[in-house]
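Structure first, commentary second.
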Amino acid sequence: MYNFEFVKPSTVAEAVAALASEDAQALGGGQTLIPTMKQRLASPAKLVSLTGIEEMKEIDSDGKVLTIGGGVTHAEVAAGGYGAISELAGNIGDPAVRNRGTIGGSLANNDPSADYPAAVLASNATIVTNNRTIAADDYFEGMFSTALMDGEIIISVQFPVPEAANYQKFEQPASRFALVGVFVAKYPDGVRVAVTGASEGGVFRWTAAEEALSASFSPDALDGLSLDAEGMIEDLHGSPAYRAHLVKVLTARAVAAA
Amino acid sequence: MPSVTMTVNGRAVTGEVEGRTLLSQFLRDDLKLTGTHIGCDTSQCGACTVHVNGAAVKGCTMLALEADGAEVKTIEGMANPDGSLGVIQAAFQEHHGLQCGFCTPGMVMAAADLLAGNANPTEAEIRKHLEGNICRCTGYHNIVKSVQAAAAQLG
Ligand SMILES: Cc1cc2nc3c(=O)[nH]c(=O)nc-3n(C[C@H](O)[C@H](O)[C@H](O)COP(=O)(O)OP(=O)(O)OC[C@H]3O[C@@H](n4cnc5c(N)ncnc54)[C@H](O)[C@@H]3O)c2cc1C
Ligand code: FES
Ligand code: FES
């Protein structure tokens with residue numbers, strides 16, 4: 001890892017100012033960025049730690065909207081008892097990763113096999129940054145790519161509280177990332193289904209399943225549907241056809257468990 | 001160079017570090033606390049597990065400067081004040097929870113993290129909590145037994 005200047009501001013405004021300099025990068029829990037820097041795939045001149053910013057560490061729920069600060073760790077969300085989102089957070093990586101890794105870091109990174117993107121997209125959540133709000137449908141732009149601009153910080157994420165929701169993760173046993181993960185969320189105006197781990201394009205909505213489940217929220221509603229294997233990830237852990245098959249199996253399980 | 005101050009196993013320490021100095025490097029190279037092992041250095045194996053403000057973290061995946069002002073506990077802090085093995089360490093010895101011992105510091109710190117929040121874990125809970133700690137020798141079975149025995153003794 002190349003050396004860098006380290007700064008740890010205590011407010012969002014100071015962090016935004018520090019990130020304005022060339023080659024500066026935000027540091028969340030470091031669970032992705034530090035390994036990446038060790039491999040010299042990233043070499044920022046300045047790291048701006050977000051871990052000292054109290055206003056990014058709050059969780060708040062009024063029963064309608066669950067707001068999770070961008071600096072909240074997976075362990076804190078897991079311990080909060082927020083239904084499917086807490087269960088999802090409690091199965092990210094391992095305990096030590098969960099004690100450092102944050103929701104903001106996970107969403108900024110947008111790994112195609114990460115868990116949180118599925119929850120955010122299925123919940124139609126809103127990403128709040130230092131200068132705007134971004135709807136989930138506009139936020140994810142493909143593998144490791146998002147609508148965030150250089151130096152933009154995720155301050156919090158607002159999840160509308162669903163009537164019912166569930167996340168099913170088929171773990172890749174070595175990395176514990178999702179080989180395929182499906183988040184199903186039911187709202188008064190319809191059902192949303194988001195899939196991670198499967199597509200070359202990163203997290204996506206399975207709209208055919210959403211329509212079927214909005215008409216009838218039961219696993220049988222998926223009978224007759226199938227997902228095209230075209231564009232699914234191919235690697236040594238699974239073929240595109242296998243992943244496409246898993247999406248349907250996991251969607252049915254999520255509906256049954258929601 | 002920036003300076004860093006923290007409490008390690010109850011002792012106040014200060015050192016000069018680079019931005020890139022990892023907590024695991026600071027503990028081993030500067031403080032000479034070489035009980036914290038570096039296995040993979042890629043966040044996978046858990047040999048470097050230590051506690052920061054009471055929570056288990058991978059020392060190889062946290063900057064030393066991020067631990068400024070923190071309370072850190074390492075395997076050296078798990079022994080009794082007279083130097084004899086602490087309860088969890090003794091249980092590993094008694095129940096054959098180690099062979100080469102390379103993973104053991106991380107296993108003991110992860111087990112202590114579990115038992116701090118769950119005094120009476122099931123076998124499944126123990127296995128789940130140790131998911132981030134890899135052992136090439138034991139097959140895990142006796143590690144689980146060791147943690148169960150330590151839990152029973154700590155009651
Ligand atoms: C062994 C291991 C297993 C894992 N398993 C899983 C898993 O099963 N599922 C899963 O989803 N993830 C998994 N992860 C990844 C983990 O969830 C990371 O915590 C997460 O991807 C990154 O969060 P972080 O806070 O550590 O961010 P960092 O590593 O600090 O940063 C990641 C990126 O986000 C940027 N960033 C950080 N915070 C913000 C913010 N608030 N606003 C804007 N940009 C920001 C950084 O500049 C960087 O580009 C695993 C990681 C490890 C090491
Ligand atoms: S040395 Fe830190 S996880 Fe392996
Ligand atoms: S005892 Fe050898 S690696 Fe665990």
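Bear in mind these aren't lab numbers, they're just calculated from the coordinates by the rules spelled out. Everything numeric here is computed off the predicted structure, so don't read it as measured data. Cβ coordinates were reconstructed from backbone atoms using ideal geometry, including for glycine residues, and neighbour counts include every protein chain displayed.
The Cα center of segment A:95-136 and the Cα center of segment B:86-143 differ in position by 32 Å. Whole-Hz Karplus values for segment B:135-150 come out as 10, 8, 9, 7, x, 6, 4, 6, 5, 4, 4, 4, 5, 4, 5, 5 Hz, taken residue by residue from phi with 6.51 cos²θ - 1.76 cosθ + 1.60 and θ = phi - 60°; glycine and proline positions read x.
Of the cross-linked pairs A:Lys8/B:Lys58; A:Lys64/A:Lys248; B:Lys32/B:Lys58; A:Lys57/B:Lys73; B:Lys58/B:Lys145; A:Lys46/B:Lys32, which ones have a Cα-Cα span greater than 26 Å in the structure shown? Over 26 Å Cα-Cα: A:Lys64/A:Lys248; A:Lys46/B:Lys32.
For chain A, excluding the exposed loop sites themselves (trypsin sites (Lys or Arg not before Pro), DSSP loop, at most 12 other Cβ atoms within 10 Å), the longest remaining stretch covers A:133-258. With 0.36 nm allotted per residue and the present C-alpha distance subtracted, the A:Ile59-A:Asp137 stretch has 25.8 nm of extension available.
Loop-located chymotrypsin sites (Phe, Trp or Tyr not before Pro) in segment A:2-84 (DSSP state other than H, G, I, E, B) with a sparse environment of at most 14 neighbouring Cβ atoms within 10 Å: A:Tyr2. Give the longest segment of chain B that steers clear of trypsin sites (Lys or Arg not before Pro) in DSSP loops with at most 15 neighbouring Cβ atoms within 10 Å, not counting the sites themselves. With a cap of 15 other Cβ atoms within 10 Å, the longest stretch comes to B:33-135. Partner shielding of B:14-24 amounts to 3, given as the average count of beta-carbon atoms from other chains within 10 Å of each residue beta-carbon.
Around the Cα centre of segment A:5-49, unit charges on the Cβ atoms of Lys, Arg, Asp and Glu (plus for the first two, minus for the last two) sum to a dipole of about 200 debye.
A DSSP coil position with no more than 16 other Cβ atoms inside 10 Å describes the following GluC sites (Glu not before Pro) in segment A:76-164: A:Glu141, A:Glu163.
Distant-in-sequence amide contacts of A:Ala114, defined by a placed amide H-H separation under 5 Å and a gap of 5 or more residues or a different chain, comprise A:Gly197. Placing dummy labels 7 Å off each Cα toward the beta-carbon, the span from A:Asp189 to A:Ala79 is 3.6 nm. Across segment B:118-155, the residues whose backbone nitrogen lies under 19 Å from the label position 7 Å along the beta-carbon direction of B:Gln93 are B:142-154. Modelled spin-label separation between A:Ala147 and B:Ala79, with each label point placed 7 Å from Cα along the Cα-to-Cβ direction: 5.7 nm.
Indicate the helices, whole DSSP H runs only, in chain A that combine a mean Kyte-Doolittle hydropathy of 1.0 or more with a Cα extent along their long axis of 30 angstrom or more. Taking the DSSP H segments of chain A (at least 30 Å long, mean hydropathy at least 1.0), we get none.
Both numbers refer to the Cα atoms of chain B; Rg and Dmax are 15.1, 47 Å. If you take all other residues with their beta carbon under 13 Å from the beta carbon of B:Ile75, and give Lys and Arg +1 and Asp and Glu -1, the sum is 0.
Per-residue mean of foreign Cβ neighbours for B:64-71 is 3 (Cβ atoms of other chains, 10 Å radius). Charging the Cβ of each Asp and Glu at -1 and of each Lys and Arg at +1, and nothing else, the dipole of chain B about its Cα centre rounds to 320 debye. Per-residue ellipticity at 222 nm from helix content only, as computed over chain A with -39500 (n - 2.57) for each DSSP H run of at least four residues, stands at -8000 deg cm²/dmol. Taken as Cα centroids, segment A:207-238 and segment B:29-54 sit 43 Å apart, rounded to the nearest whole angstrom. Shielding by partners for peptide A:30-38, expressed as the average number of C-beta atoms from other protein chains within 10 Å of each residue's C-beta, is 5. Is the shape of the protein assembly as shown rounded, prolate or oblate, going by the alpha carbon gyration tensor and its root eigenvalues a ≥ b ≥ c, with a/c under 1.5 for rounded and a/b larger than b/c for prolate? In terms of gyration-tensor shape, oblate. For segment A:164-257, rounded, prolate or oblate, judged on the Cα gyration tensor with a ≥ b ≥ c (square roots of eigenvalues), a/c < 1.5 rounded, else prolate if a/b > b/c? Prolate shape, in that a/c is at least 1.5 and a/b is the bigger ratio. Of the residues B:Thr14, B:Thr74, the one with the fewest other Cβ atoms within 10 Å heads the list, and the complete ranking is B:Thr14, B:Thr74.
Taking A:Ala84, A:Ala42, A:Ala164 as the candidate residues, the one with maximal mean-square fluctuation in a Gaussian network model of chain A, Cα springs under 10 Å, is A:Ala42. Using the Cβ-Cβ distance between A:Asn130 and A:Leu41 with R0 set to 35 Å, the FRET efficiency from 1/(1 + (r/R0)^6) comes to roughly 0.85. Here A:Ser175, B:Ser146, A:Ser86, B:Ser43 are placed in order of increasing Cβ neighbour count within 10 Å, fewest first, which gives A:Ser175, A:Ser86, B:Ser43, B:Ser146.
I'd like the FRET efficiency for A:Ala256 and B:Arg136, computed as 1/(1 + (r/R0)^6) with the beta carbon distance as r and R0 of 41 Å, rounded to 0.05. Efficiency at R0 = 41 Å is approximately 0.60.
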